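To start, the structure itself, in structure tokens.
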Amino acid sequence: MFDSYANIAAITARNLVLSWPAGDNSTDTQFNGHHLNLTALQYWNFTYYANDTISNGSRCLLVMEPYQPAYVFPNGSFTNSSSCYSAIKTIGLRGSTGIGFAVAYGICLVILLSVLAKHGKLYLERETRFYPIGRRWQWYWGLWVCACALISLFSNIEVDRYYLQSLPITITIFFWYLMCMGTLAMTWEAVRHWGSWQERQFIDPNPFVYGMDDRRAKMEFWLPLWFYFWVWMNFFLVVPRSWSFPQMQRSDDQTASIAIPTATSIRFKIGAFFLVVALLTICFSLRHSINYYKDRNRGLLNRAVGLTKAIPLRFYLIIPFTAVLIAYQAFIAWEWKYSLVNVHAPVYVMFLWGYAPSLLIIIVQIIYGLASPNEDKELIRQRRVRGDTIDRELGITKKPAWWRRVKGEHLHTLRDKIAMNVHEIGGGRATGRRVEDAAAREADEQFKNADKEQDIEMYPVSSTAGVSVIKHEPIYLSSPYTGKSEKRRHERTMQVAASLLFPNSLEAERAHNREELAKDGPVAYSDRDERGRTNGRPGSARRSNSAETTNSITAPPQQIHSMLDI
């Protein structure tokens, strides 16, 4: 390549160099009636070329009407001169077509921003298994494609207008290659995230249906790395190089010796092959997601039909469009005539094959983004539907959302709710009238059964035996908690509720002890122990009045002589 650049002077000297136009004398030359000092031009090594330019290798000036210089100074500077690399031509078909495509890409860029805001917003808590940025990557790459396309297409306008090719065509081609990589990445992220969304819906009812370290998870971890490896290989083969070769189309010989060999070099061919491998990775990822997150069918025919039904409609469009774009990049690596690098290539081929596939992919993505709901909202809806189905199966009727506000329940604290429940049951002892009636019926049944089964003398027992021992005792509530600890407040509330629902004599004894301690003088003596039994006889030596005993109730109590009798 460097040898070709070194032979530029020889090529131009053989076919393009012309003799200086005759002037008034041997030291004078003229262009369109403007006389210039030929001695100064030759001293600074200027040469006259057939494309109406003069150049010395570092400067190139136009000499046609009306851009010819008016005067040349002995130091080699000019007045009223125009560079050869000036946009002096009108916009041609290539530039006007590029403007139309640029407008379309600009509109898509604006809509993509709104779609990104719609699908990127979170309505549920973040999950470590599904990162929020995962759903946004396809839209980020869409914005990247639109930005690269706009830069390339707006620079493409100057390709028509420049007299000799310069920086605009280099920018056009450079950003077109970046646009191709972004298009492939956008398609990959659309397919990958679709699989991630299917997984999220699949495991939402049961998060443990798939593990985090099984073969499926490992495959989904390595596939993105494998894909981007080939895309980066394409980047490193195409981008890090000298990008002046598209400008070397200032003559037929220069194009044939520099532009064509470089544009069809082995690096572009291998780079296109790497993109083919990346496209096959996309297809494999799609098949992987369908295999794990869609219904499985048996039989070859049923599997084929199920596979075609499981693939979303947009993938039937964007994957072939991506393949068409890669095919064009590979095609121009062998064929110069239809290459985007060629200034005189057919316009319809360049835009329909080079820019239209990416635009169509973005349009399909936009339609999908506008038509589909936010994933968090859709997941909330699915959970609501699933919950309603379970409630119907269990016979549970949920109250409407306004019920709590009408009843004022949203204003109550936990303590208030517990107090309301206790009040609804009935304050005081936990055994109310219904409990007493149930106890009375149970005592009657036990008495009757014992009378039938055991042939012993029994004193007549009242029908309310066992119930008369139930006494109404005062309920002592502990003082309300006034501290700042919410945990302690909750524990104190639960203790109060438990004491109301299941009363015992513990609080009464504590209150009695506090009263005794508050009095002046010694504590009053009581001949009853803590369980209410007299101290004259051990609790184990007391006789039992149970109706189920086989001993006579008049038998003398058991006398304990030793610990061995126990």
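The rows are residues; the columns are (1) part of a loop (DSSP other than H, G, I, E, B); (2) modelled with pLDDT of 85 or more; (3) charged (D, E, K, R); (4) within 19 Å of residue 249 (Cβ to Cβ).
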position	(1), (2), (3), (4)
5	no, no, no, yes
21	yes, yes, no, no
39	no, yes, no, no
54	no, yes, no, no
* Structure fact -> Residue hits (the range 324-333; open to solvent by less than 10 Å² (accessible area, probe 1.4 Å) and among the aromatic types (Phe, Trp, Tyr)) are 328
* Asked: over 28 Å from residue 211 (Cα atoms), among the small types (Gly, Ala, Ser) and surrounded by fewer than 17 Cβ atoms within 10 Å (Cβ to Cβ) - does that describe any residue in the range 267-288?
  -> no
* Structure fact -> The number of residues in the range 237-252 that are in contact with a Lys or Arg (Cβ under 8 Å, 6 or more places away or on another chain) and surrounded by fewer than 18 Cβ atoms within 10 Å (Cβ to Cβ) is 1
* Structure fact -> Considering the range 291-323, residues that are closer than 30 Å to residue 351 by Cβ and hydrophobic (A, V, I, L, M, F, W, C), and then whichever is surrounded by the most Cβ atoms within 10 Å (Cβ to Cβ), we arrive at 318
* Asked: Among the residues of the range 68-82, which ones are of a type in the set (Ser, Thr, Tyr) and either surrounded by 16 or more Cβ atoms within 10 Å (Cβ to Cβ) or assigned to a loop (DSSP other than H, G, I, E, B) (or both)?
  -> 77, 81, 82
* Asked: How do the helices (runs of 4 or more DSSP H) wholly within the range 334-451 filter down when requiring 2 or more residues that are surrounded by 14 or more Cβ atoms within 10 Å (Cβ to Cβ) and modelled with pLDDT of 90 or more: which remain?
  -> 347-354, 356-371, 375-394
* Structure fact -> Expected output for the range 338-367 (first residue farther than 17 Å from residue 100 by Cα, partner surrounded by fewer than 18 Cβ atoms within 10 Å (Cβ to Cβ) and of a type in the set (Ser, Thr, Tyr), Cβ below 7 Å, 6+ apart or cross-chain) is 345/338
* Would you tally the residues in the range 111-149 being within 12 Å of the chain's Cα centre (by Cα), assigned to a helix (DSSP H, G or I) and hydroxyl-bearing (Ser, Thr, Tyr)? => 1
* Asked: What are the residues in the range 368-417 that are farther than 22 Å from residue 198 by Cα and in contact (Cβ under 8 Å) with a residue 60 or more places away in the chain, if any?
  -> 414, 415
* **Only one of 100, 95 that is assigned to a helix (DSSP H, G or I) and without any contact (Cβ under 8 Å) to a residue 24 or more places away in the chain** => 100
* To do: Determine whether the range 12-29 contains at least one residue that is of a type in the set (Lys, Arg) and surrounded by 15 or more Cβ atoms within 10 Å (Cβ to Cβ).
  => no
* Residue count, the range 203-236 (criterion: of a type in the set (S, T, N, Q) and in a loop (DSSP other than H, G, I, E, B)) -> 1
* Looking at the range 165-188, is at least one residue surrounded by fewer than 21 Cβ atoms within 10 Å (Cβ to Cβ), without any contact (Cβ under 8 Å) to a residue 12 or more places away in the chain and not basic (Lys, Arg)? -> no
* Asked: Does residue 144 satisfy the condition of being free of Cβ contacts under 8 Å to residues at least 60 places away in the same chain, touching a Gly at 6+ places or on another chain (Cβ under 9 Å) and not aliphatic (A, V, I, L, M)?
  -> yes
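The values are calculated or read from the model by the stated rules, or taken from the named source; none is laboratory data. Keep in mind the model is a prediction, meaning the values are calculated, not measured. Every residue, glycine as well, gets a Cβ built from its backbone with ideal geometry; the counts of neighbours run over all protein chains shown. Calculation scope for accessible area: heavy atoms of the full protein, side chains included, ligands and nucleic acids excluded. Shrake-Rupley method; radii C 1.70, N 1.55, O 1.52, S 1.80 Å.
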